[in-house]
Amino acid sequence: MLTPEIVEYVTALLTKHKDVCLDLLHKRLYDFYWRWGDGEFIDGPPENLPQRKMRELRNQFYGREDQLGQRQVDAYAGLNIMLLLLELHRHGFYQRLFLSQDEAVEAANLLAFHPCHTWSLNQFDKFRLMRVVAYSNLLDSYISEGPLIIRFLDMADLSEARLDGMNLASAKLNYSALPGSG
């Protein structure tokens, strides 16, 4: 699982590097996130991405086989992508603060991320975030304060998402759009 420090470092590299096309990267990560959330990779045919990575990691980290199963590799991959999308969303939020009104409206959807919408907003699944958090419970990143993903929801768009029963006690929700707040 990416640590907050690594996410911050990667985001700084991506946003400061002139050759990185953030909107294209955003769309590709969003597409992966949505397909991952549908179980496409874990339920794929034999010799799929999680199986291949699991085998590579087990060879690299001998003795930790019990922590490197196919579900763990799949969950970490999807959650890491989600963390990057949340950080790109936050970057876009800050970027819009320095734009004119017209530019801000145009830029609003450029790096926007909603864990329950596809990037094109053609599909909506109000329970997706709940399933992602439940799926993350099988990882070591689930600690007494809750899943690590909860700590990255600052400025997140969670409007229309179902959050019932989720422990958000350790979540920083500053400037987040919550259900019923819009």
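The values are calculated or read from the model by the stated rules, or taken from the named source; none is laboratory data. It should be emphasised that the depicted structure is a prediction, and the values quoted were computed from it without experimental measurement. Cβ atoms come from the backbone with ideal geometry, glycine included; neighbour counts cover every protein chain shown. Ligands, DNA and RNA are excluded from the accessible area calculation, which covers all protein heavy atoms including side chains. Shrake-Rupley method; radii C 1.70, N 1.55, O 1.52, S 1.80 Å.
Taking segment 124-160 on its own, how many of its residues are modelled with pLDDT of 70 or more and on the phi > 0 side of the Ramachandran plot? Steps first, answer last, please.
In the first step, residues of segment 124-160 are kept if they are modelled with pLDDT of 70 or more; the result is 124-137, 149-160.
Then keep just the ones that are on the phi > 0 side of the Ramachandran plot; that gives 155, 160.
Qualifying residue count, segment 124-160: 2.
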Select, from LEU121, LEU97, the only residue that is modelled with pLDDT under 80, in contact with a His (Cβ under 9 Å, 6 or more places away or on another chain), loosely packed, with under 12 Cβ neighbours inside 10 Å and farther than 20 Å from CYS21 by Cβ. LEU121
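Per-residue answers, yes or no, for (1) among the acidic types (Asp, Glu); (2) farther than 19 Å from ASN137 by Cβ:
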{"residue": "GLU5", "(1), (2)": "yes, yes"}
{"residue": "VAL10", "(1), (2)": "no, yes"}
{"residue": "THR15", "(1), (2)": "no, yes"}
{"residue": "VAL20", "(1), (2)": "no, yes"}
{"residue": "ASP31", "(1), (2)": "yes, yes"}
{"residue": "TRP36", "(1), (2)": "no, no"}
{"residue": "GLY39", "(1), (2)": "no, no"}
{"residue": "GLU47", "(1), (2)": "yes, yes"}
{"residue": "ASN59", "(1), (2)": "no, yes"}
Would you point out the residue of segment 24-39, among those that are surrounded by fewer than 16 Cβ atoms within 10 Å (Cβ to Cβ) and among the aliphatic types (A, V, I, L, M), that is farthest from ALA134 (Cα to Cα)? LEU24
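Quick check: anything in segment 84-92 in contact with a helix residue (DSSP H, G or I) (Cβ under 9 Å, 6 or more places away or on another chain), acidic (Asp, Glu), modelled with pLDDT of 80 or more and open to solvent by less than 60 Å² (accessible area, probe 1.4 Å)?
yes
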Does LEU68 satisfy being of a type outside the set (Phe, Trp, Tyr) and at pLDDT 80 or above? no
What pairs can you find where one residue is in segment 1-23 and more than 29 Å from TYR135 (Cα to Cα), the other is open to solvent by 80 Å² or more (accessible area, probe 1.4 Å) and assigned to a helix (DSSP H, G or I), and their Cβ atoms are less than 9 Å apart, with a gap of 6+ or different chains? THR15/GLN95; VAL20/LEU13
Test: residue in segment 40-54 that is of a type in the set (S, T, N, Q), part of a helix (DSSP H, G or I) and either over 16 Å from the mean Cα position of the chain (by Cα) or loosely packed, with under 12 Cβ neighbours inside 10 Å (or both): yes
